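What follows is a short report on a single structure.
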Amino acid sequence: MDSVGNILMYFIIALAIIVFSVLTVTSRKILRSATYLLFVLFATAGIYFQLGYEFLGAVQIAVYAGGIMVLFVFSILLTSRPGNNSEPLTTHKKWMGISAAVAGVALSGYSLLSYGAFLGREMSSNLNVDITRIGHALLSTDKWGYLLPFEAISILLLACIIGGVVIARKR
Amino acid sequence: MEITMLMYLIPSLIMFGCGVYGFITRKNMIAILISLELMLNSVDINFTVFNRYLFPGQMEGMMFTLFAIGIAAAETALAIAIVINVFRAVKKVDIRELTKMKF
């Protein structure tokens with residue numbers, strides 16, 4: 001049995017995710033759609049906090065809401081005038097998008113509902129993801145260790161820095 | 001009332017559908033990237049929710065989400081560098097007018 005505040009918080013987060021993700025793809029001003037994306041990312045961090053993964057929520061806010069959104073806003077301001085509306089969609093393209101999205105959502109929703117014996121399962125309370133355990137898992141080479149992907153990501157980020165500099169450099 | 005797994009999966013499913021819609025219909029390259037972020041984010045939610053409800057003693061889903069966030073950051077940074085470079089070359093970010101590399 002969840003507490004009332006928890007359930008209320010859940011409904012606020014779910015409503016925010018649904019409304020703002022629809023607004024993100026339908027808004028015709030690009031800067032507004034970036035702002036709505038920021039709200040969606042915050043709501044996602046709220047889901048992580050609610051599930052008990054505080055570290056993940058902090059990473060989500062720091063990397064997505066802090067880093068990626070700044071990149072988006074800068075590149076929008078560099079490439080387009082923020083007041084401009086994008087052109088209205090052609091009906092052909094709009095229907096193509098709607099049918100693809102609705103077909104995908106219907107297929108996954110149907111398989112979710114028809115397969116889901118485990119979907120009604122309750123959240124068990126024995127979660128232990130304290131920061132010590134995460135740190136040990138990230139830097140160990142044992143069975144549940146993640147040292148290799150950790151280092152691979154560090155190399156990927158280094159390559160990304162160099163690639164970004166090389167691509168965006170003025171010649 | 002219990003918050004079940006399905007109640008977290010449905011907003012994530014709707015978020016993914018919105019991402020697909022935006023990816024197909026948008027014409028600005030940065031708007032397409034924004035839709036891509038929506039899709040990646042919904043998949044991250046799914047990993048975490050499955051981890052929390054089905055295997056609460058382990059943390060594989062959480063680690064996967066952690067690495068996915070890192071990779072998404074790298075990918076977005078590179079894609080935005082490419083967009084800005086394209087804009088510098090042809091002064092447009094509209095994908096209908098970037099046909100020079102099509103064959």
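The values are calculated or read from the model by the stated rules, or taken from the named source; none is laboratory data. Since this is a predicted model, take the numbers as computed values, not measurements. Every residue, glycine as well, gets a Cβ built from its backbone with ideal geometry; the counts of neighbours run over all protein chains shown.
Values for this structure:
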| read-out | value |
| --- | --- |
| Members of region B:9-28 that are at pLDDT below 90 and assigned to a helix (DSSP H, G or I) | none |
| All positions within region B:27-75 that are within 19 Å of A:Ile17 (Cα to Cα) and touching a Lys or Arg at 6+ places or on another chain (Cβ under 7 Å) | B:Ile32, B:Ser35 |
| Output for region B:48-61, where each listed residue is without any contact (Cβ under 8 Å) to a residue 24 or more places away in the chain and either crowded, with 21+ Cβ neighbours inside 10 Å or in contact with a strand residue (DSSP E or B) (Cβ under 8 Å, 6 or more places away or on another chain) (or both) | B:Thr48, B:Asn51, B:Arg52, B:Met59, B:Gly61 |
| Scope region B:50-67; condition more than 7 Å from chain A (Cβ to nearest Cβ) and assigned to a helix (DSSP H, G or I); matching residues | B:Phe50, B:Asn51, B:Glu60, B:Gly61, B:Phe64 |
| Options A:Ser86, A:Ser125, A:Ser75; residue that is buried (at least 16 other Cβ atoms within 10 Å of the Cβ), outside any helix (DSSP H, G or I) and at the interface with chain B (Cβ under 9 Å from one of its Cβ atoms) | A:Ser86 |
